[in-house]
1. For region 16-221, with the dipole built from +1 on Lys and Arg beta-carbon atoms and -1 on Asp and Glu ones, taken about the Cα centre, which of Leu113, Pro192, Ala87 lies farthest toward the positive end?
2. Work through the residues other than Leu138 whose Cβ is under 14 Å from its Cβ and net out their charges, Lys, Arg +1 and Asp, Glu -1.
3. Sort Phe102, Phe159, Phe96 by Cβ crowding within 10 Å, fewest neighbours at the top.
4. Using alpha carbon coordinates only, what is the Rg to Rh ratio of region 16-221, with Rh defined as the Kirkwood radius?
5. 7 Å from Cα along Cα→Cβ at both Gln51 and Leu144: what's the point-to-point distance in nm?
6. Specify the inter-centroid distance of region 89-140 and region 34-63, based on alpha-carbon positions, in whole Å.
7. Grab every C-alpha pair in region 45-162, bin the distances at 10 angstrom width from 0 up to the longest one, and report whole percents.
8. Order by neighbour count: Glu116, Glu122, Glu106, Glu217, fewest other Cβ atoms within 10 Å first, most last.
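Just so you know, all these numbers are worked out from the coordinates, no wet-lab data involved. Computed from a predicted structure; not experimentally measured. Glycine also receives a Cβ, built like all others from the backbone with ideal geometry; neighbour counts cover every protein chain displayed.
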Amino acid sequence: MATSGKESRMKITAPKLIRWAGLSAMAAGIIFVVIQPIHPLDVLSSVTTDQWVIIQSLKTAMCLLGLLGLAGLYARQVEEAGWLGLAGYLLFSLFFAHTIAFAFTEAFILPQLATEAPKYVESFLGIINPESPGEMNLGALPTLYAVAGFGYVLGGLLFGIATFRAGILPRWAAGLLAVGAVLPILLSSLVPHPLDRIFAVPVGLALIWLGYALWSERRAQAAEPDDSVTTGVEQPAVGPSNGRVPSKA
């Protein structure tokens, strides 16, 4: 009996997976916010530093956590979010999927090439920092990076609107996500790189907020007692089949 109870507690269910996805969204949002003010400059001299490797490794982890967290946020409101939510989910996931490839390259490949192929590294960094374009033609890489930016802006906007309309998760957080996603388009021309990284903070805060709401919601539901289980209140004795209460002797 003890083993059976332990197995029951360890059973993986969809609500538990969604709850843990909330923690993933929170972690992704925290990393997204923290790395912005400490991100090294996108220049050749930064690539060989320990700070560069650490930040890019955190970005790689952020993308993995973001994909998991976003899947949970969408699964929680899949019916209410409708096609708009699906479109936003796919586009926003596209941003994380593309960014993880770039972040992995920046963390583990560029430092190895910094001394042997510095022009290539400078050209790669020029994709991220258009104010310092490189000399080499990198083919489709700039286009792929632009696709990631497209997924970030349009995906975040649509997913935020769909979440707001669904009304399952906090609407203020959904609104923050939608507004934060379009800030780079509206204000990036007014702020030079790398100061424009500050526009990522609202999206990170929205992910933290939505993830916490998802995690705390599932935790509260898990703490509620099952209606089919008695709570220690003594039940009245059942009388005879004719429904009469037996008289005392």
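1. Working it through, the farthest residue towards the positive pole turns out to be Ala87.
2. Values: positive: Lys119; negative: Glu106, Glu122, Glu135.
In short, -2.
3. Going from least to most buried by this count: Phe102, Phe96, Phe159.
4. 1.00
5. Placing both labels 7 Å along Cα→Cβ, they lie 2.8 nm apart.
6. 12
7. Result returned by the calculation: 14, 37, 29, 15, 5, 0.
8. Glu116, Glu217, Glu122, Glu106
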